[in-house]
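K.L.:
The structure is given below, and queries will be raised subsequently.
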């Protein structure tokens, strides 16, 4: 080892040869020419993160929830983030993953809203969930093809052009899929099975009342708070519904309800004192 | 215009010996025959209104909107060459969006007008372009409250409390001068605007017109630029027509008195 | 013919604030054969008269499909229409690709309006020389727009462009109420063809070779009827030649009306000539200006 105070800690050149800066992108003291030899690197992980977004369809619309926490690794860094974004008058976009990318997506969506809903609008032509979803999926996929993804998983909820409930997922890879029960991140493991107990097949949402859907969603948020160390017990919830007669194309009386600062109710931590280690051993 | 025909008016960006840019003045002429547009800066917001001349009965009523939105909080109305007006508005939208993507906050109205003033002025500087054939009235609300501006083909851009352009501007201006801008609210100004447009239309009475009114107010529209609701528009138009009749009656009365 | 000083390019205003180059471009539309369009609550019909350059030549295409829900009819320079319709097709595809949504008719027409405006404000390009009627059916219903090279677009219940289109407009205005109320596509097409027929010159009549019809509307994609297919619609007309030209016409009112409109057109042309003449005076003034001045401007 080199003991010169200005090069302390470096392997001595006599023994190991000159230091190679290319190893693991170890330093930014590289020459321009050396940079060309190294692949260009974009973000490799999210920084501040939001955890699961959970959502499901019901008879008259959709319901979606996400907590208000922003984690910096395992540090609970922010407790007042809003991750459910309203786009246009009848669409919600729930975002998990990197928070700064969430904010970028939020700005993109607001720009979309202005372009589509405000410019030269002489009525009609509303921006609806399928349009927002398609647009977002193009943006996320485009970023991933540049190897510079927006590090998020997103659920878009609202109504189809024909007025039926719409729910669809997109993630940082540009993958999209749809289901009557959707969740991102930890929620896709913990919440989806609970949601599927209510809606076993996609078509079954047509028999579900709003209060049933809400009850299950609240339960999901509770289970996630128990089991997901990056979840908080404070969350927001959006319900979008239309009281339309079946078969009619235009939704009547459309309502968008955004509730904030909801708390996970009915917690019981009695079991906690019995857990030791990783929880496999019960005292 | 004694210098017409001396050759100094054949190209943009050329001064005549007495220091005028004729092409800019001619552009102004294009505006002076257009339908009347007005803007009112109220205590609590902005009202914009325009007289749309109906040139054919085959036109679809209520469509072909003339008042446009630059950003959620900023509206524009213009008189003159309408396609030029769209060009102007598109530039305004670009400026507003660029500003927002830089500073993550909506552009203030004075700043937007500063930028648009520069843009319009640029079209007076080169012989490869022509000046804008529109006078635009821009209104908006930002953190400093309501603002109203009018911008001309020369790029001249000033703040106003009441602005008017187009064919009936003289009538409209003299009516606007009677208003009390310290106390007037957008709700009142909507009716006033309808009345002013109606009066300004007197000069052009052989053709029908359609009225278009928009407003921006914290109370009525949460600071957004929107067309006024249908029922309010109908009410305003009715008010304007009734006022008109009353005025006429009064005049008749006066005449009778005199005789 | 005297040259007007202010009509050399589209970046020069006349002293009255007019743009002659742009106005001349509007004239180019009238050189083309007529096209008419009309809407009911649920459908839009376009009808156009095709020309063939010579007896053995094919007929010029007048109606272009943009997308399943949209199409245009043109009058004027056909190549310019191709440029614009290709642009519209691109817009329509982008809308499907990016937003999973058919392009709205209003967005479509405004996009070409803004494109056309650019050409009227800069040196070195000319305004487009074509007028378009854009027919579209979208979530807000059936729409008909007229596009002009000046960059103006307006939404109409009925419109006619091209040679002798005033007669077509007159027909549409007179029958506007029945057109708007009709539920039948067939009736709408017949009205369209009647309007088109009124634009015919003396020796021409509507045949399946020179007539193009298109329909778009509720539950029906944009469909063009050409050649043999158009015969079924021509069969529904009471006559395929212009009312003015029919011998022993009992509809005297029509005749008068048409004459009136012809007169009107003449007056406007006259007015335009006077206007130009006065400008020519200006031109003369320019020639009368001191030689030095002219030298300076010439350089």
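K.L.:
Can you tell me which residues in the range A:77-113 are surrounded by fewer than 18 Cβ atoms within 10 Å (Cβ to Cβ) and within 14 Å of chain C (Cβ to nearest Cβ)?
P.N.:
Within the range A:77-113, A:108, A:111 meet the criteria.
K.L.:
Next question, about the same structure. How about the range C:119-145: which of its residues are part of a strand (DSSP E or B) and over 17 Å from residue C:103 (Cα atoms)? Show your work before the answer.
P.N.:
Start the filter on the range C:119-145 by keeping residues that are part of a strand (DSSP E or B), which leaves C:122, C:130-138, C:141-145.
Result: C:122, C:130, C:131, C:132.
K.L.:
Conditions first: (1) over 19 Å from the mean Cα position of the chain (by Cα); (2) closer than 30 Å to residue B:183 by Cα. Residue B:94 passes all but one, so which condition is the exception?
P.N.:
With respect to (1) over 19 Å from the mean Cα position of the chain (by Cα); (2) closer than 30 Å to residue B:183 by Cα, residue B:94 is out only on (2).
K.L.:
Do any strands (runs of 3 or more DSSP E) entirely within the range B:131-182 hold 2 or more residues that are touching a helix residue (DSSP H, G or I) at 6+ places or on another chain (Cβ under 7 Å) and within 14 Å of residue B:47 (Cα to Cα), and if so, which?
P.N.:
The qualifying strands (runs of 3 or more DSSP E) are B:134-142, B:145-151, B:162-165.
K.L.:
Between A:167, A:217, A:195, which is more than 14 Å from chain C (Cβ to nearest Cβ), at pLDDT 95 or above and not in a helix (DSSP H, G or I)?
P.N.:
On the way: A:217 fails: not in a helix (DSSP H, G or I); A:195 fails: not in a helix (DSSP H, G or I).
Residue meeting the stated conditions: A:167.
K.L.:
Give the range B:2-22 a look and list any residue that's surrounded by fewer than 24 Cβ atoms within 10 Å (Cβ to Cβ), at the interface with chain C (Cβ under 9 Å from one of its Cβ atoms) and at negative phi, or say none.
P.N.:
As a first pass, look at the range B:2-22 and keep what is surrounded by fewer than 24 Cβ atoms within 10 Å (Cβ to Cβ): B:2-8, B:10-11, B:13-22.
Among the residues that remain, those that are also at the interface with chain C (Cβ under 9 Å from one of its Cβ atoms) are: B:4-8, B:10-11, B:14, B:17, B:22.
Correct list: B:4, B:6, B:8, B:10, B:11, B:14, B:17, B:22.
K.L.:
Inspect the range C:187-194 for any residue being modelled with pLDDT of 95 or more, more than 30 Å from residue A:126 (Cβ to Cβ), more than 14 Å from chain B (Cβ to nearest Cβ) and in contact with a strand residue (DSSP E or B) (Cβ under 8 Å, 6 or more places away or on another chain) and give the result as yes or no. Full working, then the answer.
P.N.:
Residues of the range C:187-194 that are modelled with pLDDT of 95 or more, as a first pass: C:187-194.
When the remaining residues are screened for being more than 30 Å from residue A:126 (Cβ to Cβ), the result is C:187, C:189-194.
Retained after the next criterion (residues that are more than 14 Å from chain B (Cβ to nearest Cβ)): C:187, C:189-190, C:193-194.
Cutting the leftovers down to in contact with a strand residue (DSSP E or B) (Cβ under 8 Å, 6 or more places away or on another chain) gives us C:189, C:193.
Within the range C:187-194, one or more residues are modelled with pLDDT of 95 or more, more than 30 Å from residue A:126 (Cβ to Cβ), more than 14 Å from chain B (Cβ to nearest Cβ) and in contact with a strand residue (DSSP E or B) (Cβ under 8 Å, 6 or more places away or on another chain).
K.L.:
Looking only at the range B:44-61, how many residues end up being within 26 Å of residue A:112 (Cα to Cα) and within 14 Å of chain C (Cβ to nearest Cβ)?
P.N.:
Final tally of qualifying residues: 0.
K.L.:
Determine whether residue B:70 is more than 10 Å from every other protein chain (Cβ to nearest Cβ), closer than 21 Å to residue B:135 by Cβ and either without any contact (Cβ under 8 Å) to a residue 40 or more places away in the chain or not in a loop (DSSP other than H, G, I, E, B) (or both).
P.N.:
When the stated conditions are applied, residue B:70 does not pass them.
K.L.:
Let me ask another. Counting only residues that are within 7 Å of another protein chain (Cβ to nearest Cβ) and either under 15 Å from residue A:87 (Cβ atoms) or surrounded by 17 or more Cβ atoms within 10 Å (Cβ to Cβ) (or both), how many does the range A:121-131 have?
P.N.:
Residues flagged as within 7 Å of another protein chain (Cβ to nearest Cβ) and either under 15 Å from residue A:87 (Cβ atoms) or surrounded by 17 or more Cβ atoms within 10 Å (Cβ to Cβ) (or both) within the range A:121-131 amount to 3.
K.L.:
Something else about it: So if I check each of C:180, C:196, which one is crowded, with 24+ Cβ neighbours inside 10 Å and assigned to a helix (DSSP H, G or I)?
P.N.:
Matching residue, one of C:180, C:196: C:196.
K.L.:
Also: Which members of the range C:136-157 meet the condition of being touching a residue at least 40 places away in the same chain (Cβ under 8 Å), within 24 Å of residue C:23 (Cβ to Cβ) and within 7 Å of another protein chain (Cβ to nearest Cβ)?
P.N.:
C:150, C:155, C:156
K.L.:
Here are some residues: C:108, C:163, C:116. Which one is over 24 Å from residue C:196 (Cα atoms), away from chain B (no Cβ under 11 Å), in contact with a helix residue (DSSP H, G or I) (Cβ under 9 Å, 6 or more places away or on another chain) and not in a strand (DSSP E or B)? Write out each step before concluding.
P.N.:
Working: C:163 fails: over 24 Å from residue C:196 (Cα atoms); C:116 fails: away from chain B (no Cβ under 11 Å).
Of the residues listed, the single one that is over 24 Å from residue C:196 (Cα atoms), away from chain B (no Cβ under 11 Å), in contact with a helix residue (DSSP H, G or I) (Cβ under 9 Å, 6 or more places away or on another chain) and not in a strand (DSSP E or B) is C:108.
K.L.:
Now for a separate question. Within the group B:93, B:115, which residue is farther than 21 Å from residue B:35 by Cβ, without any contact (Cβ under 8 Å) to a residue 60 or more places away in the chain and in contact with a helix residue (DSSP H, G or I) (Cβ under 6 Å, 6 or more places away or on another chain)? So that I can check it myself, show each step before the final result.
P.N.:
On the way: B:93 fails: in contact with a helix residue (DSSP H, G or I) (Cβ under 6 Å, 6 or more places away or on another chain).
Among B:93, B:115, only B:115 is farther than 21 Å from residue B:35 by Cβ, without any contact (Cβ under 8 Å) to a residue 60 or more places away in the chain and in contact with a helix residue (DSSP H, G or I) (Cβ under 6 Å, 6 or more places away or on another chain).
K.L.:
Need the failing condition index for residue B:41 against (1) away from chain C (no Cβ under 11 Å); (2) more than 16 Å from the chain's Cα centre (by Cα), just the number.
P.N.:
(2) is the only condition that residue B:41 fails.
K.L.:
Just the residues that are at the interface with another protein chain (Cβ under 10 Å from one of its Cβ atoms) and in a strand (DSSP E or B), please, taken from the range B:73-111.
P.N.:
B:80, the sole residue that qualifies.
The values are calculated or read from the model by the stated rules, or taken from the named source; none is laboratory data. Here the structure is a predicted model, which means the values were calculated and not measured. Counting neighbours? That spans all protein chains shown, and the Cβs are built from the backbone with ideal geometry, glycine included.
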